[in-house]
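*Asks:* Take a look at this one; I'll ask things after.
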Amino acid sequence: LNELKELNQTPNQSSNQSSSSNNQNLLVLRNVPVPASEDISNQILKQEDVLKSAANKIKDCEEKLLGLESEINTHCLSRDEAKLAEALLQNSRTQTEKELLVSRFAEEKRKLDALQAKQKAIQEQPQVIQANPSSVPNNEEILNYVEGTTNIKSANILGLINYLCGKEPAHEFVRIFFMTYPSFTTTEHFLELTINRFEVQNVQNVQDGVIQIRVINAIKLYLQECSEEFRRNENARNILNDFIDRLKSQQKTEKYGSLLEKSIIALSGGGVTHRSSICDNPNPSSSTNISSSSQHSHRARKKSTSFFKKIPNDPILQYSSADVAKQLTLASSYLFREIKRDELLNTSWTKPDKATIAPFITRLTQRFNLIAAWVQFAVLKGTSEAMRVEAISCLIEVAVECRKLKNYHDCLAISAGLGGNAIFRLNKHMNALSSSKKQSLEELNELFSPKRSFANYRAELKEVESPCVPWTGMFLTDLCFIHEIPTHIGEERLIHFEKQRQIYRAVYQLVLMQQQPYHFEKDNDLFEMIESPPGTDLSEEELMRLSLEYEPRASRVQTE
């Protein structure tokens, strides 16, 4: 009731709002969203009406309760039990109704407070300013925000560029934009719009040169975050070089040209330390720090002589499980850390020319299949059941070692090989494994179980830090689902920035795992064998034929 009195006594704040509406040709120079003030005012008016209605209902309940209280006292004195019982029942119902109304009033009051806070934020912002229409392509910026947040939901390209060139753009926005912009525009278009923004003049309430400095900072961010892409893109280099020449030809803008020129020189190794980028990953071939001296190649680091009697034909499994796991990790890590941003956008790995546009994802996938095929061959080439059982045990050990090294790519490849039709059906061999090996294999299968969208694997990855070689299949599947979301929405074909945010979050997990290399010693002999393992040219039919020789279908039925 007091809230109602305040509303009736306090002048309507929204009525004092300026009636000027947002012009669609205006540029927002801050990273705080600016909803239409008229919309906020209308929402406040409606919310105040809701509150007044709720307060009036509460007041009615209060009056009704007072009447019932008097009625109850009367019936108590007259000892009319029937009427007393009815009055008590009515009193209880009215009290419950009042409690519900009070709860609803509190909820609606919170909504009003939120709207008024949003209105206050708008009032405290500097005046929205008008740009020179002739200097901005389409001279129209559109930015829509997720309700109740400062996250951009959708926008046109001009709105995103101007936000990027605004005062202190959100850090996450910068990362999302530079990681995903190739999915909705080109580098050339981005640079042209950014340079056009530099030409905006006579901006109200903004000190001379501030817009220009923000544009230069935006271009420097591009050079930092997408340095490798800039090196490859000749058109982008030409656009920026022409812009720098224009800047340096005028005394007023010469300092800006010098700043950009220094940034470009730094990309070619001008004394600037390497900065890992969310878009262009460090080059593993130059930073992996693998020692690979030939003097170590003759050091066998092999198992005991008894091991050779069990598996005489597989040169890889003659090494210790830890050594095999390390060399597998080095080989897969190199390919994984070479994957660039462009390979992860627009489902490039599913295209007919995937070997060209997604070369390292393609090679990593081929390597997965190669290791899985080798695992089956390593088991089936054994000439006795003991040899084959020992081979399965050794491969389980290698998979466990790979997991310890956070090499989930080869860990799953080995598990997949052991789960292949030609191996999985060998019941007698699997039953001959020790209980510890059976448990290890079961734990690996549980880790990579597809239940609840690989929930176990996702949970373990959350606790993992770089260096790491993840199984990328799960991430690629996630990106395929995100790709199905429209890139543009609405009649205005606005960029669906929420989709870009989802892409960024999926890709950024992979990027974090690429940051650190492994520092294992490279064993040339073993590494070369792992690069081209034996038996990978056998078809599934040939592998199954070998499997059936060892355990014919009839014997498998008898075993079961």
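The values are calculated or read from the model by the stated rules, or taken from the named source; none is laboratory data. Worth saying up front: this structure is predicted, and the values here are computed from it rather than measured. Here Cβ is always computed from backbone atoms with ideal geometry, including for glycine, and neighbour counts include all displayed protein chains. What goes into the accessible areas is simple: the full protein's heavy atoms, side chains included, and nothing from ligands, DNA or RNA. Shrake-Rupley method; radii C 1.70, N 1.55, O 1.52, S 1.80 Å.
*Asks:* Accessible area of segment 423-472 with a 1.4 Å probe: how many percent of it is carbon plus sulfur?
*Replies:* Using a 1.4 Å probe with all protein chains present, segment 423-472 comes out at 49 percent carbon and sulfur.
*Asks:* Find which of SER466, VAL511, GLY490 sits farthest along the positive direction of the dipole of segment 432-538, computed with +1 on the beta-carbon of Lys and Arg, -1 on that of Asp and Glu, about the Cα centre.
*Replies:* Positive-end residue among those listed: GLY490.
*Asks:* To continue, here is another question. What order do PHE424, PHE448 take when sorted by accessible area (1.4 Å probe), most exposed first?
*Replies:* From most exposed to least exposed: PHE424, PHE448.
*Asks:* Quick check on segment 438-508: take the gyration tensor over C-alpha atoms, sort the square-rooted eigenvalues as a ≥ b ≥ c, and tell me if it's rounded (a/c under 1.5), prolate or oblate.
*Replies:* Prolate, because a/c is 1.5 or more and a/b exceeds b/c.
*Asks:* Could you work out the pair-distance distribution P(r) of segment 37-104 from its alpha-carbon pairs, with 5 angstrom bin width and percents rounded to whole numbers?
*Replies:* Each 5 Å bin holds this share of Cα pairs: 3, 17, 19, 15, 12, 10, 8, 5, 4, 3, 2, 1, 0.
*Asks:* Then there's this: Please compute the per residue accessible area over segment 459-560 with all protein chains in place, 1.4 Å probe, rounded to a whole number of Å².
*Replies:* Accessible area per residue: 55 Å².
*Asks:* Order these peptides, 332-341, 500-509, 462-471, by their mean beta-carbon neighbour count within 10 angstrom, highest first.
*Replies:* Per-residue Cβ counts within 10 Å, averaged per peptide and sorted highest first, yield 332-341, 500-509, 462-471.
*Asks:* So for each of 512-522, 234-244 I average, over its residues, the number of other beta carbons within 10 Å; can you give me the resulting order with the highest mean first?
*Replies:* Highest to lowest by the protection proxy: 512-522, 234-244.
*Asks:* Still on this structure, I have one more. Label segment 459-560 by shape, choosing from rounded, prolate and oblate, from the square roots a ≥ b ≥ c of the eigenvalues of the Cα gyration tensor; if a/c is under 1.5 it is rounded, and otherwise prolate applies when a/b is larger than b/c, oblate when it is not.
*Replies:* Note, shape of segment 459-560 comes out oblate.
*Asks:* Right, next: With every protein chain left in place, what is the accessible area per residue of segment 162-266 in square angstrom, probe 1.4 Å?
*Replies:* I get 48 Å² per residue for segment 162-266.
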